[in-house]
1. Can you tell me which residue in the stretch 31-46 is nearest to Gln9 (Cα to Cα), limited to those that are modelled with pLDDT of 95 or more and either assigned to a helix (DSSP H, G or I) or in contact with a Leu (Cβ under 6 Å, 6 or more places away or on another chain) (or both)?
2. Under 6 Å by Cβ, and 6 or more places apart or on different chains, what pairs join a residue from the stretch 15-42 that is under 15 Å from Ser63 (Cβ atoms) with one that is of a type in the set (Asp, Glu) and surrounded by 15 or more Cβ atoms within 10 Å (Cβ to Cβ)?
3. Return the pair list, or none, for Cβ contacts closer than 7 Å from residues in the stretch 64-87 that are basic (Lys, Arg) to residues that are modelled with pLDDT under 95 and in a helix (DSSP H, G or I), at least 6 apart or on different chains.
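The values are calculated or read from the model by the stated rules, or taken from the named source; none is laboratory data. Note that the structure is predicted; figures quoted are calculated from it, not measured. Cβ coordinates were reconstructed from backbone atoms using ideal geometry, including for glycine residues, and neighbour counts include every protein chain displayed.
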Amino acid sequence: PVCSAGVLQPYKSKVVCEEERMRLSCKRGMQIAVYSAMFGRTQQGALECPTYHRRAPSVDCQSAVALQVLTSRCQGKQRCLVPASTHDFGEPCYPGTRKYLSVIYTCGKYSTNTQYEI
């Protein structure tokens, strides 16, 4: 958890399948702080957005720009909407691999020097 203005803020985790849109939001007066982001597929995430083909190989493939994309679109905002698409994140996997976007974030208050208050 992150401490913001003296209040412990829990991390939030969200997952959406490819071609869906991820919505992140915080209460009024709070801003999004992205902790991690992954677009692609991992072996640990086998249950997330099941593949279309039962015999699809178990793969680990992740976009190198996922955290950068989420940070540029959401960091410091009260809410944001990001499509989980190869148009935005590139194609990190073999063609036909069903991907998902996974994000961990919290809500905090920015101080004037853009550092989070702890």
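1. Top of the filtered list is Ile32.
2. Partner pairs satisfying both residue conditions: Val15/Glu48.
3. Short answer, once both residue conditions are applied: none.
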